[in-house]
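The structure appears right after this line, and notes come after that.
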Amino acid sequence: MSDEANIIARRKSWVTAVNDGDWERYGQLLTEDVVWIPPGLDAIYGRTAVQQWLKPFFHEYEYDFVPSKSRLRVAGNWAVENGLFTSSLRRRESGRRSSHAGRYLVLWRLDGDGTWYIERYVDLT
């Protein structure tokens with residue numbers, strides 16, 4: 001399988017983990033030293049910190065994340081992906097709904113085990 005096909009498969013795993021609210025599986029897609037930059041907040045450094053940030057969010061909300069129009073460029077052990085996304089959230093307790101849309105940037109890194117991991121994520125909203 002090509003690098004591009006592998007990354008697309010990993011992206012599908014990422015989207016599935018988000019939409020399932022599975023912060024542990026989500027963490028398995030990240031490098032240990034990931035940098036996560038959510039909109040309007042300070043950067044989050046490290047896999048464990050990102051998981052701990054996501055855990056209460058996924059417990060509070062059902063999330064439907066849909067990336068689209070993504071562009072991917074692979075260069076050796078690195079790849080850059082950017083695209084658009086839409087998301088809808090439903091607060092589990094009240095059922096209240098909201099939505100969010102924007103642009104994202106992901107820096108993928110090929111690890112020594114031959115697996116692509118998210119090294120950086122930036123919500124460009």
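Side notes on the structure shown:
- Sole exception among (1) touching a strand residue (DSSP E or B) at 6+ places or on another chain (Cβ under 8 Å); (2) open to solvent by 40 Å² or more (accessible area, probe 1.4 Å); (3) modelled with pLDDT under 95 for LEU41, by number: (1)
- Just so you know, in the range 99-125 the residues that are acidic (Asp, Glu) and surrounded by 12 or more Cβ atoms within 10 Å (Cβ to Cβ) include one that is nearest to ASP3 (Cα to Cα), and it is ASP111.
Residue by residue, here is whether (1) more than 15 Å from GLU119 (Cα to Cα); (2) modelled with pLDDT of 95 or more; (3) surrounded by 14 or more Cβ atoms within 10 Å (Cβ to Cβ); (4) among the basic types (Lys, Arg) holds:
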{"residue": "ILE7", "(1), (2), (3), (4)": "no, yes, yes, no"}
{"residue": "ARG10", "(1), (2), (3), (4)": "no, yes, yes, yes"}
{"residue": "TRP14", "(1), (2), (3), (4)": "no, yes, yes, no"}
{"residue": "ALA17", "(1), (2), (3), (4)": "yes, yes, yes, no"}
{"residue": "ASP20", "(1), (2), (3), (4)": "yes, yes, no, no"}
{"residue": "ASP33", "(1), (2), (3), (4)": "no, yes, no, no"}
{"residue": "TRP36", "(1), (2), (3), (4)": "no, yes, yes, no"}
{"residue": "TYR45", "(1), (2), (3), (4)": "no, yes, no, no"}
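- Taking (1) in contact (Cβ under 8 Å) with a residue 24 or more places away in the chain; (2) open to solvent by 40 Å² or more (accessible area, probe 1.4 Å); (3) aliphatic (A, V, I, L, M); (4) touching a helix residue (DSSP H, G or I) at 6+ places or on another chain (Cβ under 8 Å) in turn, LEU54 satisfies each apart from (2).
- Selection status of GLY102, of a type outside the set (Phe, Trp, Tyr) and part of a loop (DSSP other than H, G, I, E, B): no
- Of all residues in the range 79-117 being touching a Leu at 6+ places or on another chain (Cβ under 6 Å) and among the polar types (S, T, N, Q), the one that is farthest from GLY21 (Cα to Cα): ASN82
- Answer residue from the range 57-81, given it is of a type in the set (A, V, I, L, M, F, W, C) and touching a Gly at 6+ places or on another chain (Cβ under 9 Å) and is most open to solvent (accessible area, probe 1.4 Å) among those: PHE57
The values are calculated or read from the model by the stated rules, or taken from the named source; none is laboratory data. Predicted model only: the values in this text are computed from it and were never measured. Every residue, glycine as well, gets a Cβ built from its backbone with ideal geometry; the counts of neighbours run over all protein chains shown. Heads up: the accessible areas ignore ligands, DNA and RNA and are worked out on the full protein's heavy atoms, side chains in. Shrake-Rupley method; radii C 1.70, N 1.55, O 1.52, S 1.80 Å.
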